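Input: a single structure, listed below in structure tokens.
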């Protein structure tokens, strides 16, 4: 098993970030340099308090739709494999080793034999086996709200610690997909015994066990004393729901929380100036975008409407208006600029056809007239509360061409239901995933994703579908990048989204927090194979 096939190396290489900034490299180096000395003096005890910026809808792996939920789930559950902290390589987790067949369709996993589930209502903390892996992955395949795993043809259990996952075709992003919180391993007894309640009483194998969930307020976890990995230093974790950005800033400064996530606005400067706090800012894998409903009968089903709105959009004004402390920069494609597949030429094409100048506004109005909207039209825009400032500037820009945007704010569960069912005229949201372009371009724009939150606009383009499928079958990263480049050319021409900004990961940390490592994907990971967060109280 120690000898990995050539295809495995290629798959690992495709996840390398080609454009990590010096600041990010420095952050990772410092983390590695300080880890050994920090852990040597680490203290056990204490409950770390973390602020999340949105309400949670479900902690069931097949039902969750947002990073806010997965950031709680990361501590309760485990995946077969993981990314390292800077997303450049895969590392073992519940699977201690794996190999891939020559044709790329069979993944053989060897599991740890010392993993136990947390105690629940329908099992008393039994050992995890390969049957649990099969059950969990097949459940995700058949029930995942965002189709977080695909192309599994069969899973054959060879023993309690070995299984083969057989794919319908070669699929390069498969290992990356296995790191997603939607594909964690769960005990069948708890899922089927609890039914719909499993999302409110989750049971996994992770370093912390679920304790309590006060809706719209907080989720509490306690240390899993039977955790298979390094014993967590923390006694527990309390995730507080703080949807107002000013309240988030106040909470970290007053000491009510130890970690503030997704910092923005004046809170960035305030945290940076506070001697008791640390501002941790690294380049992220997060984008913000406006999406049309392009189904028949909606104005944006006409390409001329989409082109007109892009002409009227001034991304520089928007990002400077919302992100006054350099938290983000303009975005032009549904892929972060730090992804190895990013097509700069396609981004430039979108940029040149936008900006909101007088000439562009006049051209936009002419396009709307040609499309039958000489007097503009009314458009309902739904978004979560934390993106209302973005929507407000967007609203003012669209008004210049006669499009009257009515902003509707909704809590996350309601928002995700409306959008995934295709019932939104338009919406603004964010998307964070991994460096592989598949997790952005396929998830948000493939025809197969219609009916999920990713493709809530109902976009379908056979040419794009073909390119995305082709790119997922190829193992060579350079070749994949070329194909994804062609896909982005199609996107730049057809404008299924109006992408708005690329966002850094900004975290406020109390100086009491030790051993915490920020990640480009924004995931909160308190304990894994390379880090173990603790409180210097």
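All of the numbers you see were taken from the coordinates with simple rules; none came from a lab. Just so you know, these numbers come straight off a predicted model, no measurement behind them. Backbone-built Cβ (ideal geometry, glycine too); neighbour counts: all protein chains shown.
Order 424-434, 499-509, 353-363 from most to least packed using the mean count of other Cβ atoms within 10 Å.
Listed from highest to lowest mean packing, they are 499-509, 424-434, 353-363.
Quick one: Debye curve from the C-alpha atoms of segment 285-398, no solvent, what's log10 I(q)/I(0) at q = 0.11, 0.15 Å⁻¹?
Cα-only, vacuum Debye calculation for segment 285-398: -0.38, -0.72.
What is the projected area of the convex hull of the Cα atoms of segment 85-134, averaged over all directions, in nm²? All intermediate terms of the calculation are to be shown ahead of the outcome.
Values: hull surface 20.4 nm².
Approximately 5.1 nm², given one-decimal rounding.
With 10 angstrom as the radius, rank 64, 373 by how many other C-beta atoms surround their C-beta, starting from the fewest.
On the way: 64 26, 373 19.
In order of increasing Cβ crowding within 10 Å: 373, 64.
For the chain, take the convex hull of the Cα atoms, compute a quarter of its surface area, and give me that in nm², please. Could the numbers behind the result be given before it?
Details: hull surface 91.7 nm².
Mean orientational projected area (the chain, Cα hull): 22.9 nm².
Over the chain, what is the relative contact order in percent, taking alpha-carbon pairs closer than 8 angstrom and at least six residues apart?
Working: 1202 pairs, mean separation 114.7, N = 537.
21 percent.
Could you work out the Kirkwood radius for segment 216-264, taking every pair of different alpha carbons, averaging 1/r and inverting it, reported in Å? Write out the running numbers ahead of the final one.
Values: mean 1/r = 0.0802 Å⁻¹.
Over segment 216-264, the inverse of the mean reciprocal pair distance is 12.5 Å.
On a C-alpha basis, how far is the centre of segment 233-249 from the centre of segment 484-505 in Å? Whole number, if you could?
Each part's Cα centre sits 33 Å from the other's.
Give the peptides 207-215, 403-411 in descending order of average Cβ contacts within 10 Å, highest first. Before the final figure, lay out each step's value.
Details: 207-215: 18.1, 403-411: 16.3.
Final packing ranking: 207-215, 403-411.
I'd like the distance separating the alpha-carbon centroids of segment 302-336 and segment 430-445, in whole Å.
18 Å
Normalised by the residues of segment 196-326, what does the relative contact order come to in percent, with Cα pairs under 8 Å and at least six apart?
Values: 111 pairs, mean separation 18.2, N = 131.
Relative contact order of segment 196-326: 14 percent.
Please report the Cα spread of segment 436-518 along all three principal axes, rounded to whole Å, starting with the longest.
Largest to smallest, the principal-axis extents are 53, 31, 22 Å.
Would you mind classifying segment 286-503 by shape? Square roots of the alpha carbon gyration tensor eigenvalues, ordered a ≥ b ≥ c; an a/c under 1.5 is rounded, otherwise it is prolate if a/b is larger than b/c and oblate if not.
Numbers: a/c = 1.40, a/b = 1.37, b/c = 1.02.
Here segment 286-503 falls in the rounded category.
Whole Å is fine, so just give me how far the alpha carbon centre of segment 145-211 lies from that of segment 459-479.
25 Å
Can you compute the modelled spin-label distance between residue 493 and residue 423, with each label point 7 Å from Cα toward Cβ, in nm?
Placing both labels 7 Å along Cα→Cβ, they lie 3.6 nm apart.
Label residue 246 and residue 375 with points 7 Å out from Cα along Cα→Cβ: what is the distance between them in nm?
That separation, rounded to one decimal, is 4.0 nm.
With each run of n ≥ 4 DSSP H residues scored as -39500 (n - 2.57), what mean residue ellipticity at 222 nm is computed for the chain after dividing by its residue count and rounding to the nearest 500 deg cm²/dmol?
Helix-only estimate at 222 nm: -9500 deg cm²/dmol.
How far is helix 303-312 tilted, in degrees, relative to the longest principal axis of the Cα atoms in the chain, given as a value from 0 to 90 rounded to the nearest 10?
Helix 303-312 and the main axis of the chain meet at about 90 degrees.
Kindly identify segment 69-178 as rounded, prolate or oblate by the Cα gyration tensor criterion: order the square roots of the eigenvalues as a ≥ b ≥ c, call it rounded if a/c is under 1.5, otherwise compare a/b with b/c, prolate if a/b is larger, else oblate. Intermediate values should be presented prior to the final figure.
Values: a/c = 1.42, a/b = 1.27, b/c = 1.12.
Here segment 69-178 falls in the rounded category.
Sorted by packing (mean other beta-carbon atoms within 10 Å per residue), highest first, where do 310-321, 337-348 land?
Numbers: 310-321: 20.8, 337-348: 19.1.
Highest mean packing first, the order is 310-321, 337-348.
Is the shape of segment 169-314 rounded, prolate or oblate, going by the alpha carbon gyration tensor and its root eigenvalues a ≥ b ≥ c, with a/c under 1.5 for rounded and a/b larger than b/c for prolate?
Details: a/c = 2.05, a/b = 1.22, b/c = 1.68.
Oblate, because a/c is 1.5 or more while a/b does not exceed b/c.
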